[in-house]
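Enquirer: Sharing a structure here in structure tokens format.
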């Protein structure tokens, strides 16, 4: 039986390489990924829902 603790969402996805061009980055990739995952888990069904979720959780 594996007794190691599971990685957090941030730990898991922080291993991804960001394919975006530096000049086009407004937000860190990990922030975008976590926002999308949390929004979808909360019921977001599209990009506008994800944007709205992000705006309401900005603080």
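Enquirer: Can you tell me which residue within the range 9-22, out of those that are at pLDDT 90 or above and either over 12 Å from the mean Cα position of the chain (by Cα) or part of a loop (DSSP other than H, G, I, E, B) (or both), is farthest from residue 38 (Cα to Cα)?
Expert: Once the filter is applied, the top-ranked residue is 21.
Enquirer: What tally of residues in the range 25-49 results from selecting those that are over 21 Å from residue 12 (Cα atoms) and either modelled with pLDDT of 95 or more or in a helix (DSSP H, G or I) (or both)?
Expert: Residues flagged as over 21 Å from residue 12 (Cα atoms) and either modelled with pLDDT of 95 or more or in a helix (DSSP H, G or I) (or both) within the range 25-49 amount to 7.
Enquirer: Suppose we filter the chain for residues that are surrounded by fewer than 11 Cβ atoms within 10 Å (Cβ to Cβ) and touching a residue at least 24 places away in the same chain (Cβ under 8 Å); how many remain?
Expert: 0
Enquirer: Follow-up. Which one of the conditions (1) part of a helix (DSSP H, G or I); (2) out of contact with any helix residue (DSSP H, G or I) (no Cβ under 8 Å at 6 or more places or on another chain) does residue 5 fail to meet, given that it meets all the rest?
Expert: (1)
The values are calculated or read from the model by the stated rules, or taken from the named source; none is laboratory data. Since we're looking at a predicted model, the values are computed, not measured. Please note: Cβ atoms are built from the backbone with ideal geometry, for glycine as well, and neighbour counts cover all protein chains shown.
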